[in-house]
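Trainee: Here you go, one structure.
Taken together, the values in this text are just the output of simple stated rules run on the coordinates, not laboratory data. Bear in mind the structure is a predicted one, so any value in this text is a computation, not a measurement. Counting neighbours? That spans all protein chains shown, and the Cβs are built from the backbone with ideal geometry, glycine included.
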Amino acid sequence: MYKKIYQSLLPFFSVLSLILLLFSSCNNQDPVQITFAAGPDETETIQYLVDKFNKENKGNIQVDWRQTARSTNENFEEIQTDFDATNPEIDVFASDVIWTGVLGAQASVEDLSKQFYNDYNPRDFVQAAMNSATYNFSIYGVPWFTDAAMIYYRKDLLTKYGFTKPPVTWEELQTMAKTIMEQENMPYGYVFQGDKYEGGVANACEFIWNAGGQITMDNLSVSADFGGEHFEPSIITIDSKASEDGFRMARQLIEEGISPEAVVNYRELEATNAFLLGKAVFMRGWPGVYGQILKNKNSVNAKQVGISSIPVLKAGTPSYSCLGGWNLMIANHTSAAKKEAAWEFIQYLTAAPQQRTRALRSGTLPTLKALYEEEQLLAEVPVMRFAKQEIQNARSRPVSAHYMEYSPEIAIIFNQMLGGEILPEYAVFALQEYLEDIRLDHTVANH
């Protein structure tokens, strides 16, 4: 009797076993693995946040951080090489603000407009950062952190020699630097970035802007309000008396011994090391430097350092700094499942708690406006209080699908001018000619 009952229930048990097996396999699916590409991070904040995300999403999403080059140009080449590979690996990546027009025009990254408007309010972001992620009315990235260049100075030494406030003009900077260099036997008055790379482009733009010059492509003037539309350049404007004056000022700093001749080889690392080791009175740098100063492992500590706007050529004119920062983008080639996972990861990194963590650990500037209203955060990251106003006068480098072709020409000519190989007036003339040639090449190719 029991045998008959057992035999009659066998089909039921078989079906039940199959259901349990299927249920078990569904729950034991491997997590979606995505590769996140971003440059090096000495503060280890990126690894900390990636590990935290993986722990919170264990079994569902696994993010692997692939460290890319420090230099933005080399970083860009790595991303492009991966895009062009037979089996690309990068799914989500950090994109320099200057890449948006290039990658958007190539259609190599996902248009995130729909997802962005579903999950974010653009008004929650700093306007300059939001615009840096936009090209031709589409959103290709989510602002991760932003940057605005500033001057770091030895507050203690200015006070010691009777200077009650930081320099507003380049002439004032030279006067202060000469006095302190002579009295303190300091080798450098002002260090900045003059090497042939993207940081050199940012410095070149600032010398031009703060002398009243412009770098304009088509109707996109690099203005403080970031208004207007993005078109491919049909008009390029850089050759002007004001631009010459700006370049001449940069060269004069070297000729008069305020800046070292070696500044033609300086990038962020060299300039920062010189300042933190107490060898320079003034330094042009990004907000992240403040995080290194707060570590108090250098010859110079936070109490000795002040921050101010980049000097201008003529008193009474506004000071402009170059907008920097990075956005988060998703590669077009990746699968639907990985795109979904990448979007979750982007939302995590750009949420207020994670942006707050980055600011506290690395001194980088958040892209969410609300964080600039948190008094405790401003107290712990003092550079944010200054940047809150400074970011309003940050200017974007020219937006173009061909920016990565324009950029090296600007960097090379600026570097040659700093080194005394060419005169400032010829430098701006040559830049105008080179950029026009690039524009014409693409105009012909498109017809």
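Trainee: Given R₀ = 35 Å, FRET efficiency for Glu256-Arg66 by Cβ-Cβ distance, to 0.05?
Mentor: Numbers: r = 45 Å, r/R0 = 1.29.
Plugging the Cβ-Cβ distance into 1/(1 + (r/R0)^6) gives 0.20.
Trainee: Kindly flag which residue pairs out of Lys155/Lys241; Lys155/Lys295; Lys338/Lys369; Lys58/Lys369 have an alpha-carbon separation exceeding 28 Å in this structure. Intermediate values should be presented prior to the final figure.
Mentor: Numbers: Lys155/Lys241 34 Å; Lys155/Lys295 18 Å; Lys338/Lys369 30 Å; Lys58/Lys369 31 Å.
Checking Cα-Cα distances, Lys155/Lys241; Lys338/Lys369; Lys58/Lys369 exceed 28 Å.
Trainee: Quick one: among Val201, Val126, Val300, which has the greatest mean-square fluctuation in a GNM of the chain with alpha-carbon springs under 10 angstrom?
Mentor: Residue with maximal mean-square fluctuation among Val201, Val126, Val300: Val300.
Trainee: Express as a percent, rounded to the nearest 5, the fraction of DSSP beta bridges in the chain (both residues included) that run antiparallel.
Mentor: Numbers: 28 of 43 bridges.
About 65 percent, rounded to the nearest 5.
Trainee: By per-residue mean of other Cβ atoms within 10 Å, what is the highest-first order of 147-157, 249-259? Provide the component values of the computation, followed by the final result.
Mentor: On the way: 147-157: 22.4, 249-259: 19.1.
Averaged packing, sorted descending, gives the order 147-157, 249-259.
Trainee: Roughly how many nanometres apart are two label points built 7 Å out from the Cα toward the Cβ at Gln29 and Thr159?
Mentor: With each label point 7 Å from Cα toward Cβ, the separation is 6.1 nm.
Trainee: Further question on the same structure: Work out how much length Phe137 to Arg123 would gain on full extension: take 0.36 nm times their residue separation and subtract the Cα-Cα distance, in nm to one decimal. List each step's numbers first, then the result.
Mentor: On the way: separation 14, 0.36 × 14 = 5.04 nm, distance 1.55 nm.
The span from Phe137 to Arg123 would gain 3.5 nm if fully extended.
Trainee: Over 20 Å between C-alpha atoms is what I'm after, so list which of Lys314/Lys388; Lys279/Lys388; Lys279/Lys303 land there. It would help to have the intermediate numbers written out before the result.
Mentor: Details: Lys314/Lys388 24 Å; Lys279/Lys388 29 Å; Lys279/Lys303 17 Å.
In this structure, Lys314/Lys388; Lys279/Lys388 lie more than 20 Å apart at Cα.
Trainee: State the dimensionless ratio Rg/Rh of the stretch 92-196 (Rg: radius of gyration of Cα atoms; Rh: Kirkwood radius).
Mentor: My calculation puts Rg/Rh at 1.22.
Trainee: So what is the 222 nm mean residue ellipticity for the chain from helices alone, if each DSSP H run of at least 4 adds -39500 (n - 2.57) and you divide by all residues, rounding to the nearest 500 deg cm²/dmol?
Mentor: Working: 18 runs with 213 residues, N = 447.
Per the formula, -14500 deg cm²/dmol.
Trainee: May I pose another question? Using a 7 Å offset from the Cα along the Cα-to-Cβ direction at both Asp84 and Glu433, what is the distance between the two label points in nm, to one decimal?
Mentor: Distance between the two pseudo-spin positions: 3.0 nm.
Trainee: In percent, how large is the relative contact order of the chain, given Cα pairs closer than 8 Å and 6 or more residues apart?
Mentor: Details: 785 pairs, mean separation 108.3, N = 447.
Result for the chain is 24 percent.
Trainee: Out of Tyr188, Tyr140, Tyr320, any idea which swings most in a Gaussian network model of the chain, alpha carbons joined below 10 Å?
Mentor: Tyr188
Trainee: Also: I want the local charge near Glu268. Using Cβ-Cβ distances under 12 Å, sum +1 for each Lys or Arg and -1 for each Asp or Glu among the other residues. Can you show the working numbers first?
Mentor: Numbers: positive: Arg70, Arg267, Arg284; negative: Glu42, Asp147, Asp195, Glu198, Glu270.
Combined, the nearby Lys, Arg, Asp and Glu give -2.
Trainee: Could you identify which residue out of Val191, Val97, Val263 has the top mean-square fluctuation in a GNM of the chain using Cα springs shorter than 10 Å?
Mentor: Of Val191, Val97, Val263, the most mobile in the Gaussian network model is Val263.
Trainee: According to a simple spin-label model (label point 7 Å from Cα along Cα-to-Cβ), what is the distance in nm between Asn273 and Gln183?
Mentor: It is 3.0 nm.
Trainee: Next question. Relative contact order of the stretch 303-447, please, whole-number percent, based on alpha carbon pairs below 8 angstrom and at least 6 residues apart.
Mentor: Dividing the mean separation by the residue count of the stretch 303-447 yields 21 percent.
Trainee: Right, next: For the chain, compute Rh as the Kirkwood radius over C-alpha pairs and then the Stokes-Einstein diffusion coefficient at 4 °C and 1.567 mPa s; write the answer in µm²/s, rounded to an integer.
Mentor: On the way: Rh = 23.7 Å.
My calculation gives 55 µm²/s for D.
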